[in-house]
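Please read the structure below before turning to the comments.
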Amino acid sequence: MRHLVTIFVLMLYSTLMTKAQTSYSGKIEVGYQHYLFRTLTVEPGHGWKGYNLDKEQNAYNITTSQGITFATRKLFAGIGIGYHNFKGTDGISIFGDFEYLPLKNKITPILNLRLGYNHIWNQYEGGTGTMLTELGLGLNYKINENFGIYLKSGIFISQQAFLIPITLGFRF
């Protein structure tokens, strides 16, 4: 996590020092994550209480990211937090959020990468925490220069599971 904050600060500093066109930006998202399969198989031993997501649990989530946009609003770098509910198992996440909009058209593709940490309160005492990786691709509809709505999907890997996220977001 310390590395993500350092990278974010260095990116902010370098864009401000080169006098690139930068501005504050944020986004809020709601989504559904469909469970596909486990990323590993465990041979049960002493103290094992099951997989982190024990019942092949789908999830609903809400996330928000705050950061900066630069390169005429094509690139976004920020830090985000999220709440996940895996069919009754609550969790939170914190992540670095990087996004690229390749075109300046009203409708443009969107590429998204998230790297961070996810913690759920499952059957283990204190819960379990793992790395979070999400790679997304979708379409962004630009309402005006500062606001947009997008729909994306991709892959989400966390808690020893591979999930398919479907996300609706609002950019401001």
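The values are calculated or read from the model by the stated rules, or taken from the named source; none is laboratory data. Since the model is a prediction, treat every value here as computed from it, not as a measurement. Heads up, the Cβs are rebuilt from the backbone with ideal geometry, glycines too, and the neighbour counts pull from every protein chain shown.
Before moving on, here are some points about what is shown:
- Given (1) surrounded by 21 or more Cβ atoms within 10 Å (Cβ to Cβ); (2) among the aliphatic types (A, V, I, L, M); (3) outside any strand (DSSP E or B), index of the condition Leu103 fails: (1)
- Number of the exception - Leu151 against (1) crowded, with 18+ Cβ neighbours inside 10 Å; (2) in contact with a Leu (Cβ under 7 Å, 6 or more places away or on another chain): (1)
- Checked against (1) surrounded by 15 or more Cβ atoms within 10 Å (Cβ to Cβ); (2) touching a residue at least 24 places away in the same chain (Cβ under 8 Å); (3) among the hydrophobic types (A, V, I, L, M, F, W, C), Leu113 passes all but condition (2).
- Filtered residues of segment 157-172 (kept if within 20 Å of Tyr35 (Cβ to Cβ), modelled with pLDDT of 95 or more and not β-branched (Val, Ile, Thr)): Pro165, Leu168
- Among the residues of segment 123-159, those that are in a loop (DSSP other than H, G, I, E, B), polar (S, T, N, Q) and either out of contact with any strand residue (DSSP E or B) (no Cβ under 6 Å at 6 or more places or on another chain) or within 15 Å of Leu111 (Cα to Cα) (or both) comprise Gln123, Asn144, Asn146.
- For segment 26-43, a residue qualifies if it is over 25 Å from Ile149 (Cα atoms) and not aromatic (Phe, Trp, Tyr), and the qualifying residues are Leu36, Arg38, Thr39, Leu40, Thr41, Val42, Glu43.
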